[in-house]
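The values are calculated or read from the model by the stated rules, or taken from the named source; none is laboratory data. Treat the numbers as computed from the prediction; the structure is a model and nothing was measured. Cβ sites come from the backbone with ideal geometry, for glycine too, and all protein chains shown count toward neighbours. Surface accessibility is based on the protein's heavy atoms, side chains included, excluding ligands, DNA and RNA. Shrake-Rupley method; radii C 1.70, N 1.55, O 1.52, S 1.80 Å.
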Amino acid sequence: MPRLALMMEDVSKQYRLGEVGSGTFAHDLNRWFAKILGRPDPLAPVGREEDQIAANGKLMWALRGIDIAIEQGSVVGIIGHNGAGKSTLLKLLSRVTAPTTGRIGIRGRLASLLEVGTGFHPDLTGRENVFLNGAIMGMNRREIQARLDEIVAFAGVAKYIDTPVKRYSSGMHVRLAFAVAAHLEPDILIVDEVLAVGDADFQAKCLGKMEDVSQKSGRTILFVSHNMAAVQRLCPQAILLEQGRVVMEGKTPQVISQYLDSAKVAMRLTRWEPDYCPATSQVRLYSIAVRDIAGRLDSLLSTLNEIRIEIDYALLQDIPELRVAIQLIDADAIVLFSSSDCLDKTGRKMRRAGRYRSICRIPPGLMTVGRYVVQVFIEVPLGDVLIGKQEVQFEINELGLNPLGRTVKPVPPGVMLPILEWQIQELINDASPEAA
Amino acid sequence: MTSSQDRWYSAGEWDLEIHPQRPWLAIPVAEIWQYRDLLLLLVRRDFVSLYKQTILGPLWFLLQPLLTTLMFTLVFGRIAGLSTDGLPRILFYLAGVTCWTFISDTLTKTSETFVQNASLFGKVYFPRMIIPLSIVLSSLIKFGVQFVLFLAFLGWHLFHGAMVHPNAAMLLLPLFLLLMGGIGLGLGMIVTALTTKYRDLRFLLSFAIQLIMYATPVIYPLSSLPGEYRWLLMANPLTPIIEGFRFAFLGQGVLHWLHLFYSTGFMALVLFVALVIFTRVEQTFMDTV
């Protein structure tokens, strides 16, 4: 059996919600007195959830009973919805905060790429910051000195290494910071894609470095991401978290499909209660739906289905030049296209107060199989974005027609799959090219 | 559960085990040693960043105590006419200011450990104790520079035959430094640990420090107080340090081993409490900030 790189046993993490400042001093005193009098801690975690809510009503389990064992050299994806406990898990591993119960064992040095640029001081030179940053991440001076040239070359800032980093462009800043993190050479590397903000270039670099590291033997990687394509590509195994628990652990394709199944239910319709809808003084957004041609929300979509995106909203006053726009984004976060209801005949006129539905029809034979996000923007061109970035998700599961004919791969490559017109012309003469 | 426990033990020795609560008094000495380069780099960062983009640069180290001394000489010496135990005013105040700056700098900066470094602590682990230690070290270096200034003034006065009598008690300087640094560090660590929960303390602190300064014989000698109130001042564990320092270098002041013993006991107690609270808070403070 391969050695374990990391193990979590019955790990839980509890947070206290709400204002920490108010009343906690009283709570603390209460606790303290109870302790002195030998009574049980009135605020301690107790067995049943109900008791707990009764005791305080403000406690929340971010993680519950996590048992994970990860072998050395494996690359594991951690997926789950927002709030499933992914970030908490990372915080526990990187020892930023302590677990409430359980224990964690770690073998070797653990580092995470979410620490990029931690502790950079604007007044210090690039070189000084490399040392400081490296030391914060646990390297000693000798180790950093040995890698300095490599780091500087990787970041491409050799000329400016003795200039204070506040004079760096933001790109140089990020490159240098990443270079330090990338040369840390930990035994266990944690990559949090959500936190690795930056341009596409930078993210690609992160992923590239990960692949690089994962190929070297003995390195263990935990990859936390919303990007299923990236998880699929990098991680043979995955762990699915839901509401603070591990609900599935195994081969990545199965785990991802379970994740998508659990996500599907509410996916194709985003609807808000009247009191909670995104709203401004001028406009209220009620719902966004992705329907098939029959108006259904729960059907399987194929690449040959027409897809309708319906946006229901109300205008509270007359708005000239209003525009309801969408952006269609694929699983790799690439914006495939944007469009707006200006294309309607009446789209450019003054829109009176009242209720509206804008419907965008995506013709059959355009999109390929995959998961998509529709982002809706309600805005006034050259003016304000009234409501921005409200989303709905959908998935096209079935390949209606494969324009490549019979292929080995289930889905032809490409981000889109338009049914284009082709002609095959037979040229009359013989096969010699000169004759054509 | 049993199977996972078996697995835990069969996995062999872990390099690192994370548990909900560390022992209530755990000083990660080995870890701090491992991170010693970080400690030195942080000290360096403090100095470099503090005086970059100031015209006078490191000269401020000398100007700060000089200006304060000058102000004290004017206000408390000339105008208020407070006694200086017969010592030259400049020397009297400079001694007080140099010591007091060390204590109050350590205390103030240490007390901001968690709040100032929240974003850093939120991302990466290193022994949190490194930050307070780097502060003590920075303050100590600053003290060193100002102490040299003080010695220069002392030399000048000696040369001109002023009534000052440096004596063998000067050998106690390391003890004085240990006491000042230890008490400043301990109080600062307690305050910073408490401020993660009770923010009000931050605002109270600057008043408290001023108050302590007036309750310590910094700008007046112990001897200027009437005998029946002197015990009140002696209850302040900082009093023997400042008085002792003045006695050692200037020849006027009260130095008694019993007083120093009292201060040492106080320091030990404060540091003990500080370590316990700090260790507790450092593990979970990210949940409350």
Sum of side-chain charges, residue B:115 neighbourhood, beta-carbon under 14 Å (Lys, Arg +1; Asp, Glu -1): +2
Computed magnitude of the charge dipole of the protein assembly as shown (debye, nearest 20; Cβ of K, R +1, Cβ of D, E -1): 1460
Residue (of B:25, B:87, B:192) at the positive-pole extreme of chain B, dipole from beta-carbon charges: B:87
Segment residue A:299-residue A:170, extension gain: residue separation times 0.36 nm, minus the distance between their alpha carbons: 41.8 nm
Degrees separating the helix B:36-51 axis from the principal Cα axis of chain B, which is the longest one: 50
Carbon and sulfur %, accessible surface of the protein assembly as shown computed with the full protein complex present, 1.4 Å: 59
Minimum 50 Å² accessible area buried by the other protein chains, segment A:66-100 residues, probe 1.4 Å, relative to alone: A:95, A:96, A:98
Residues losing 30 Å² or more accessible surface upon assembly, segment B:175-205, compared with the chain by itself, 1.4 Å: B:197, B:198
1.4 Å probe accessible area per residue over chain B, in Å²: 48
Selected from B:46, B:85, B:200 as most flexible by GNM, with chain B as the system and alpha-carbon contacts under 10 Å: B:200
Shielded residues, segment B:80-123 - accessible-area loss of 40 Å² or more between chain alone and all protein chains, probe 1.4 Å: B:120, B:123
Of every Cα-Cα pair in segment B:170-224, the percent that sits beyond 14 Å: 68
P(r) weight above 16 Å for segment B:65-133, C-alpha pairs, percent: 60
Nearest-0.05 FRET efficiency for residue B:34 and residue B:120, computed from C-beta distance (R0 30 Å): 0.95
Estimated distance in nm for a label pair at residue A:308 and residue A:232, the labels positioned 7 Å out from Cα along Cα-to-Cβ: 3.0
Distance (nanometres) between label positions extended 7 Å along Cα→Cβ at residue B:50 and residue A:382: 5.6
FRET efficiency for residue B:236 and residue A:249, using Cβ-Cβ distance with R0 set to 60 Å, rounded to 0.05: 0.45
Rounded D (µm²/s) - the protein assembly as shown, Kirkwood Rh over Cα pairs, Stokes-Einstein at 4 °C, 1.567 mPa s: 42
Summed buried accessible area for B+A [probe radius 1.4 Å, Å², rounded to 100]: 4400
Rounded Å value of the spacing that divides the Cα centres of segment A:120-141 and segment A:155-191: 10
Alpha-carbon radius of gyration plus Dmax, which is the widest Cα pair, for segment B:29-288 in Å: 19.1, 61
Cβ-Cβ FRET estimate between residue A:334 and residue B:268, R0 fixed at 60 Å, reported to 0.05: 0.45
Residue range of chain B that is longest and free of chymotrypsin sites (Phe, Trp or Tyr not before Pro) which are both DSSP loop and sparsely packed (at most 16 other C-beta within 10 Å): B:25-197
Cα pair distances of segment A:286-359 binned at 10 Å [whole percent]: 17, 42, 31, 10
The protein assembly as shown: antiparallel DSSP beta bridges as a percent of all, rounded to 5: 80
Dipole magnitude (debye, nearest 20) for chain B, charges at Cβ of Lys, Arg, Asp, Glu: 600
